[in-house]
Structure formats: structure tokens, C-alpha cells
1. Scan region 120-131 residue by residue and report those that are touching a helix residue (DSSP H, G or I) at 6+ places or on another chain (Cβ under 7 Å) and either of a type outside the set (Val, Ile, Thr) or not assigned by TED's automatic domain parsing to the domain that holds Ala146 (or both).
2. Looking at region 207-239, which of its residues are polar (S, T, N, Q) and more than 14 Å from the ligand (Cβ to nearest atom)?
3. So for region 200-221 (the condition being touching a Gly at 6+ places or on another chain (Cβ under 8 Å), buried (at least 16 other Cβ atoms within 10 Å of the Cβ) and either without any contact (Cβ under 8 Å) to a residue 40 or more places away in the chain or among the acidic types (Asp, Glu) (or both)), does at least one residue qualify?
4. Can you tell me which residue among Glu165, Glu147, Glu176 is buried (at least 18 other Cβ atoms within 10 Å of the Cβ), more than 16 Å from the ligand (Cβ to nearest atom) and farther than 24 Å from Tyr77 by Cα?
5. Give Gly294, Gly280, Gly276, Gly301 a once-over and let me know the one that is under 16 Å from Phe239 (Cα atoms), assigned by TED's automatic domain parsing to the domain that holds Val245 and touching a strand residue (DSSP E or B) at 6+ places or on another chain (Cβ under 6 Å).
6. Residues that are of a type in the set (Val, Ile, Thr), modelled with pLDDT of 95 or more and surrounded by fewer than 21 Cβ atoms within 10 Å (Cβ to Cβ): does region 302-311 have at least one?
7. Given the criteria under 15 Å from Arg243 (Cα atoms), under 17 Å from the mean Cα position of the chain (by Cα) and not acidic (Asp, Glu), does Tyr325 qualify?
8. Does Lys269 satisfy being in contact (Cβ under 8 Å) with a residue 60 or more places away in the chain and over 19 Å from Ile218 (Cβ atoms)?
Amino acid sequence: MTLRTNQVTIDYRAVTKNAAAVSRFAGKRIIAVVKNNAYNFGIVKAVSALMDGGADHFAVTLAEEAAEIKHARRGAYVLQLNPASESEIRAARSRDIALSVTGLPWLETHKKSLRGIDLHIKINVGMNRYGLRGAREARRALELCAEYGLSPVGLHTHFPLAEEEDLTGHDRQIDEFAAVYRELSALREFSYIHAENTATLLRRDPRLSFCNYGRPGILLYGYVPPPAEPPEWLAPTLFASTRVVDLHTVLEGEHLGYGTSFSAPRELKIAVLPIGYGNGLLRARKAMPVYIDGRPYPIAGGISMSHTYIETDDSVKIGDEVEIYGRNARPDRLAAVGLAANSEQTTALHTGA
Ligand SMILES: *Cc1c(COP(=O)(O)O)cnc(C)c1O
């Protein structure tokens with residue numbers, strides 16, 4: 001077998017393990033978030049892996065993603081989070097896809113078409129993307145549902161401040177959602193109450209014990225937002241490697257690649273790697289070392305379209321395998337060191353999935 005120079009491998013068994021472990025850790029079932037081609041893990045393959053781990057509820061942003069899951073796995077429960085158009089509502093009915101009630105105007109517009117579809121009422125606690133504001137609007141939504149014979153089976157929200165250092169605002173938003181829940185649950189029993197993304201789920205906040213489902217994304221794929229460190233039961237899933245294709249010595253003051261932003265502070269041994277942003281590596285990736293034989297080597301200079309340079313030593317040879325992501329280099333660490341969101345690298349990397 002010829003080894004490819006650049007390889008990206010996804011460990012779907014690890015995804016399966018993570019699905020089971022996350023649910024066990026959270027002490028509740030999960031609605032697995034598989035938007036954006038399952039964070040670029042391949043939506044159908046990821047759904048299968050997650051189902052093997054016991055997760056059979058999924059959330060997506062788009063109608064086409066929901067349809068793709070239902071086409072592949074009819075038994076999956078799928079919730080479309082983004083506002084559905086009239087034609088998407090027809091598709092949701094015929095394919096048994098649940099929809100989010102993303103606002104009172106949306107419900108007013110579509111109330112005559114929504115009978116028989118599972119509806120999850122979204123509460124806006126500060127994200128200001130979708131959702132009803134406060135218990136008053138939510139009560140009005142329930143009234144409309146009753147009037148038109150609709151099925152509001154779910155209540156959910158999304159917390160925008162869960163990854164902040166100061167959690168005061170987050171705490172207030174938890175209280176707000178809990179208050180809406182208390183008021184609405186006196187009027188109606190919900191089968192699905194969900195709010196916790198990865199950052200929130202990891203805290204196992206007792207104030208959210210009324211949520212019977214968690215709704216994590218990145219955690220299922222093995223990664224966490226900073227400052228959280230991955231729990232020991234979580235398995236990394238994404239492996240990317242390349243090979244050293246050339247070696248050079250550069251003298252003090254010489255540059256590397258395009259431009260002059262990098263000047264060698266002294267004589268350096270440099271290895272050339274044939275991977276760059278054209279392969280989906282974030283430029284922020286340069287804040288972390290790569291690994292050869294488990295040893296770290298810093299990236300020198302910028303990341304260009306198809307090449308990256310690293311500072312090496314005499315032990316490194318042409319053809320050596322270089323870990324870009326794997327056991328040592330975690331894509332989520334970029335959020336801590338490299339000005340990237342925790343899912344930014346998985347969704348950008350060319351996984352081929
Ligand atoms: C992306 C998303 C999630 C999952 O977030 P993670 O931080 O990846 O766990 C949950 N809910 C909504 C509404 C989302 O958009």
C-alpha cells in the first residue's frame with residue numbers, strides 16, 4: 001500500500017464511545033447536534049456512529065440536513081432548528097421531522113400548516129438569533145397551538161454566554177429559562193426540554209436538571225471549549241498527518257515563504273510540510289506545535305496555501321510522519337491558543353467526509 005502524504009482519518013468508533021459516555025456523564029439522554037455535515041465528520045456516517053452509541057435524537061440547522069438523516073436512518077428523531085419555510089414544513093410533515101418554533105411571527109404565519117408536526121418552542125434568553133421572548137410570548141404560542149390543534153412537545157433554548165469567563169450573565173439566563181419552564185410546565189407537559197450545549201453540559205448544572213435532554217455538539221466529536229480540559233472518558237476522533245518533504249538550513253535574519261514577517265532569530269533547521277490552508281488548516285494552527293514521534297516542533301512563519309514550515313533538529317528526516325492533529329495536538333486547543341472557535345478547525349479541515 002502506498003502511504004498518502006496527507007491523511008485525515010476520523011475514528012467513528014470513538015464517536016460511538018463518546019455518545020454513550022456523554023449521555024452517562026450528563027445523566028440524561030441527548031439530542032446530538034449534527035449541523036454543518038456533523039462538524040465535518042460526514043452527517044450520515046456520524047449519525048450512524050452516534051446511533052450505535054445510543055443517541056437517536058438529532059438537531060440540525062437546515063431542512064436539507066434533516067432530510068438527509070431521515071433518508072438514511074428513518075428511525076432517527078430529527079429536529080430542524082432554523083425557521084422552516086412553507087415548503088420545508090410540507091417536507092417535515094411527510095418525513096416526520098420536528099420543527100422549532102422560532103418566533104411568534106413564524107407561528108402566526110404557518111399555524112395552519114403545522115398540525116401533526118412535533119413542535120419545539122424556542123425561548124430567546126439573549127442569543128437574539130431565534131426564539132420567543134419570555135413567558136408571555138411563550139404562553140401566547142401555547143394558546144395558538146391549542147387553537148390550531150398543534151403539538152408543542154418541546155421547549156428549548158440556547159445559551160450564548162456559557163463559554164465566558166464571567167458566568168454572571170449565563171447564570172441569569174439559566175434563571176430566565178427556568179422561570180419560563182416553571183410557568184409553561186404548569187400549563188402543559190413537554191416531552192423534550194433541552195438547553196445544554198457542550199460548555200453547559202460539562203458543568204452538570206443542577207439548576208438545569210429539569211432539562212431531560214442535553215444538546216451537545218463538539219463534545220460528541222471528542223473536543224471541549226476552553227478552559228475545560230477533556231474529561232478522561234472522552235476520546236479524540238480526528239487525526240491528520242503529513243510528511244516532511246524537504247529540509248533546509250536558514251541563516252539568522254533570513255525569511256521563510258512569502259513576505260518578510262518571519263526572520264530567523266538564529267540559524268535554524270527547517271522542515272517543509274506540504275499542507276496548508278488550502279487543506280483546511282486554520283492559520284491559527286501555527287500557535288500550536290506539530291509532533292514527530294511524539295516530540296513537539298514549532299511552526300515557523302505563516303501557514304500558506306499548500307505549505308507550512310517547522311523548526312526541526314537533526315533527528316528529523318525527509319519522509320517522517322508529522323502529526324497535525326491527533327493524540328498530542330487537539331483541534332479544540334486552538335480556541336485557547338490561536339484565536340479560533342472550538343469547532344472552527346473541525347468544520348474547516350478537508351476531511352473528505
Ligand atoms: C451548535 C449548537 C449546539 C451545540 O454546541 P456545542 O458547543 O458544539 O456543543 C447546541 N445548540 C444549538 C442551538 C447550536 O446551534
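1. Matches in region 120-131: Gly126 only.
2. To start, the set of residues in region 207-239 that are polar (S, T, N, Q) comprises 209, 212, 237.
Answer for region 207-239, where residues must be polar (S, T, N, Q) and more than 14 Å from the ligand (Cβ to nearest atom): Ser209, Asn212.
3. No - not one qualifying residue is present in region 200-221.
4. Being buried (at least 18 other Cβ atoms within 10 Å of the Cβ), more than 16 Å from the ligand (Cβ to nearest atom) and farther than 24 Å from Tyr77 by Cα holds for just one of Glu165, Glu147, Glu176, which is Glu176.
5. Sole residue among the options that is under 16 Å from Phe239 (Cα atoms), assigned by TED's automatic domain parsing to the domain that holds Val245 and touching a strand residue (DSSP E or B) at 6+ places or on another chain (Cβ under 6 Å): Gly276.
6. Within region 302-311, none of the residues are of a type in the set (Val, Ile, Thr), modelled with pLDDT of 95 or more and surrounded by fewer than 21 Cβ atoms within 10 Å (Cβ to Cβ).
7. yes
8. Working: in contact (Cβ under 8 Å) with a residue 60 or more places away in the chain: no; over 19 Å from Ile218 (Cβ atoms): yes.
No; evaluated as a whole, the condition is false for this residue.
The values are calculated or read from the model by the stated rules, or taken from the named source; none is laboratory data. Everything quoted here is computed from the prediction, not taken from an experiment. All Cβ positions, even for glycine, are placed from backbone atoms using ideal geometry, and neighbour counts span all protein chains on display.
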